[in-house]
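One structure is given below, encoded as structure tokens.
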Amino acid sequence: MCIDCWKHYGSPEIVNDITTTLASLISLIYEYHGAGGHLHIVIDDWNLDDDSIKFCLHQIEENHYNYSKEQVESERACAVLMLNSSLDERASALALERTFFDA
């Protein structure tokens, strides 16, 4: 959605197990919720810093919006993997999911 956001992060094009898994999880989350659910500020707004992800993870753990168990599990897996990835991997995963570059 935000190619300018990707460019802001330096347009990284990392394709590895982390980025492909994150891209798949992001796609799944969008199937549950078109605006990214509890991870909206991260995957829609490109706030890729640890604090934003931790904020979302807290919302996920509380299931702030009462989403389905499956959606919450997908969001949790995505947030945890993001916290264990580099900033370039996070930006690459979002760009990969949006097909800003070819894998």
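Values quoted throughout were computed directly from the atomic coordinates according to the rules given, and no laboratory measurement underlies them. Because the structure is a prediction, the values reported are computed rather than measured. Here Cβ is always computed from backbone atoms with ideal geometry, including for glycine, and neighbour counts include all displayed protein chains.
Quick look at the values:
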| read-out | value |
| --- | --- |
| Modelled label reach - VAL80, point 7 Å along Cα→Cβ, the range 1-22 residues with backbone N closer than 15 Å | 22 |
| Among ASN66, ASN84, ASN16: highest mean-square fluctuation, GNM of the chain, C-alpha pairs under 10 Å | ASN66 |
| Extension reserve of the GLU61-THR99 stretch, reckoned as 0.36 nm per residue once the Cα distance is removed | 10.7 nm |
| Hydrodynamic radius by Kirkwood, which averages 1/r over all alpha carbon pairs of the chain, in angstrom | 13.2 |
| Any cysteine of the chain lacking a neighbouring Cys Cβ under 4.7 Å - listed by number | CYS56, CYS78 |
| LYS69-VAL15 pseudo-label distance in nm [points 7 Å out on the Cα-to-Cβ vector] | 3.7 |
